[in-house]
Structure formats: C-alpha cells, structure tokens
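Asker: This is the structure I have questions about; it appears just below.
The values are calculated or read from the model by the stated rules, or taken from the named source; none is laboratory data. All values reported here derive from a predicted model rather than from experimental measurement. Note that we place each Cβ from the backbone using ideal geometry, even for glycine, and neighbour counts take in every protein chain shown.
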Amino acid sequence: MSPDNVYSKAREVLQGICQVCPICDGRRCPTGVPGMGGIGTGEAFRRNIEALKGWKVNLRVLHDKKEQDTCLKFLGCTLPFPILAAPVTGTKVNFRGRMKETDLARAMVQGAKLAGTLAMTGDAPDPEVFQAGLAAIRQAGGWGIPVIKPRSNKEIIALIRQAEEAGAPAVGIDVDAAGFLNMVRAGQLVEPKSVEDIREIVGATSLPVILKGIMTVADAEAAVEGGAAAIVVSNHGGRALDHTPGTAEVLPEIADKVKGKIALLADGGVRTGVDVLKMLALGAEAVLVGRPLFIAACGGGAEGVHQKLLDMAFELQAAMRLTGCGSLQDISFSILKHA
Ligand SMILES: Cc1cc2nc3c(=O)[nH]c(=O)nc-3n(C[C@H](O)[C@H](O)[C@H](O)COP(=O)(O)O)c2cc1C
C-alpha cells in the first residue's frame, strides 16, 4: 500500500476529526481533546513541533562512518531502531467509533512487531480500552508494553498482574494523566503520585516500570528516587495541560541530570527520522511516535504501521550518515545547531 493510499483512506475514515495533513503539526486540527489535536488552545501540541524545528542539524559528509548501526538495547529487549509506537487509544470518544479499539490496538502492536520494535498500549475510563491493548499484546506473544492511567496504587498493581500474565517485558504509567477530565467525569480516580507511591508500585513487580509524562528535572529526579526503570519525556502530545513547553525544549536539562541513572525516552512531534536524530542528540535513547503511526494504522492497518516505521528508520539511518554518526552512541549534542 503506497503512503498516498494510506493517507487517502485515513482521510476518509477521519473526516471531520483529523485532516491527515502532510505534516501533522497541530495547526489545522478540527478537533482537540476529545479528538486528535491538543487540549485547550492546542498550544502545547504545536509547541512540540516548534521546539524540534528550533534545532537544526550540521551536515557532515567527510568522515569514515560508512555503515550506520541503529540497534538499541532497551529494558532487556533488542530493537532494530530506537523508535517505538506510542499508546493511542479511545476510539469511541476520540474517533467517534469509526474504528474498533481492538482493531487499532492490534494494528499498532502487530505493525510494530513486524518492524521488530515495540508498541505501547493505553488505558481510559472504559475498561475495554486497556483490555484491547492487553489482548493485542497477548496475541503478539507478550511483545508490547501496556501503559496504565495513574489510578489508585491498588488498581495499578492489579492491572500490572495482568500485564505480567500477558508476558509484557515492561509496564508503564502515564503519570501526566493525573488531571484527566474523562477519568474524573467517569468517577474514576486518577492522582499525582508521590515518590513513596512509585516505590510501592516498583516494589510490587519484577517488571521494569516506565513513567510517561515527565516534563521537569524535579519529576525526573523523583522517578529515579522512586526506582522507575525509565521515563518518557512527554506532554501527552499536548493533550494533558495547555501551554507546557515543547518536549525538545526540556529534554536537554532533564538528560543532563538523570541520564545514566534511568532509561530516557521522549515523544511529541516526532515526524521524521531527522526528528528522531534530534531527540537522540538532545539526550533521549529512543522515541515514541503517536499520531503519524495512528494515521498509518487507520489507513493501512498493521502493514501501514510497519511501513511507516521502516520509512522513519531509513530516514534516521540517512540522517546519521549525513551527520557523521555510525552508531547511536555517536549521536551527541554537537551534531545540532540552534536556529
Ligand atoms: C488520540 C490520542 C490518544 C492517546 N491515548 C493515550 C493513552 O491512552 N495513553 C497514553 O499514555 N498516551 C496517549 N496518547 C499520547 C501519546 O501516547 C503520545 O504521548 C503523543 O501522541 C506523542 O505525540 P505525537 O502524537 O505528536 O507523536 C494519546 C494521543 C492521542 C493523539
């Protein structure tokens, strides 16, 4: 299926919800939350794009790095490239039921698996959402990471047991969903987590725990103190709180303080392999991609997701070659120039 066909199919399915723009940058979204855009004014979503745009890459072609190795070891898994699928859920609310939750979860998890990488799945007020993700992970032989809302510790630990049984290599909590209106309205508790809370969760499982939605040094340090295995520097694609900085703005100061103490991922506005390279140069070990892979799933199912991931991985390799990087370890801040 060509990218054009994937895009036109996705445009049909998402009519009135998402324009499926050639560059998904939050400027023309017909919907926010619920929907595909950012919360409130949409500023935090657009800021992710602007923050990445603010960094330019230095072209280097006179060097001896003739081969590019993009392999990554992440929490005990070997991935062919440092790109994972982000959790994107809530088909009934966000996509007006035009896609089944189970179909979306399967397309993301299977598409990522076909490409050799991992997908994360999500959670929402409707228990069907978490279960759809878990079912897709089970079907993929445990190859996927379920991300749980910051519910009560008791509920989180009960869901972690299900993730363990499904064979998942790690489990996540999107801690930035602590103020989500859809959860509150459905009478479901979500709350900020203290270091003690994190310690209790980490101590209750042998799985590595990933905290998604970290935007400050203080929270990153709290994650380290609580014993989390990884953090995702993320503002939920601009869907948690309006007017946050872009993730590429805060990533360097966070990496400066916690890199080496905890695995570091980032997401928000990653659209191309060059964006992946920029996030890695700013301190991330790997990135998550949300909307572009959702659109690929919508227009092309698992095969669409697979192809989009391979395209981004190829772009990353080309960008590494043209900035003098032979491996992920060669990627450093020095390849960037601030515009
Ligand atoms: C429609 C939609 C639904 C999402 N659902 C979840 C979710 O259930 N859990 C979660 O942790 N993040 C969720 N996210 C956030 C993504 O995982 C990710 O952080 C964000 O989309 C990254 O930004 P990008 O879309 O610009 O790549 C969702 C994002 C969108 C657009």
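Asker: Anything in segment 127-175 that is surrounded by fewer than 24 Cβ atoms within 10 Å (Cβ to Cβ) and among the basic types (Lys, Arg)? List them, or say none.
Answerer: Arg138, Arg151, Lys154, Arg161
Asker: Quick one: which strands (runs of 3 or more DSSP E) sit completely within segment 177-275 and have at least 1 residues that are modelled with pLDDT under 95 and more than 15 Å from the chain's Cα centre (by Cα)?
Answerer: By residue number, no strands (runs of 3 or more DSSP E) qualify.
Asker: Residue under question is Leu309, and the condition is that it be part of a helix (DSSP H, G or I) and either among the acidic types (Asp, Glu) or farther than 21 Å from Ile145 by Cα (or both); does it hold?
Answerer: No: the conditions fail for Leu309.
Asker: Based on what the data block shows, is Cys24 touching a residue at least 40 places away in the same chain (Cβ under 8 Å), assigned to a loop (DSSP other than H, G, I, E, B), within 14 Å of the ligand (Cβ to nearest atom) and not small (Gly, Ala, Ser)?
Answerer: Judged against the criteria, Cys24 is a match.
Asker: Being of a type in the set (Phe, Trp, Tyr) and away from the ligand (no atom under 15 Å from the Cβ) is true for just one of Phe81, Phe95. Which residue is that?
Answerer: Going through Phe81, Phe95 in turn, the sole match is Phe81.
Asker: Please name all residue pairs, on different chains or six or more residues apart, with Cβ atoms under 9 Å, provided the first residue is in segment 114-138 and is at negative phi and the second residue is assigned to a loop (DSSP other than H, G, I, E, B) and basic (Lys, Arg).
Answerer: Correct list of pairs: Gly122/Lys149; Asp123/Lys149; Asp123/Arg151; Ala124/Lys149; Pro125/Lys149; Phe130/Lys149; Ala132/Lys100.
Asker: Scanning for something within 13 Å of the ligand (Cβ to nearest atom) and either hydroxyl-bearing (Ser, Thr, Tyr) or in a helix (DSSP H, G or I) (or both), does segment 115-123 turn up at least one residue?
Answerer: Yes, segment 115-123 has at least one match.
Asker: Still on this structure: Exactly one condition in (1) surrounded by fewer than 23 Cβ atoms within 10 Å (Cβ to Cβ); (2) touching a Ser or Thr at 6+ places or on another chain (Cβ under 6 Å) is not met by Leu114; state its number.
Answerer: The one condition Leu114 does not meet is (2).
Asker: Okay, next question. Looking only at segment 52-59, decide whether some residue is touching a residue at least 60 places away in the same chain (Cβ under 8 Å), of a type outside the set (S, T, N, Q) and within 15 Å of the ligand (Cβ to nearest atom).
Answerer: The answer is yes; a qualifying residue exists.
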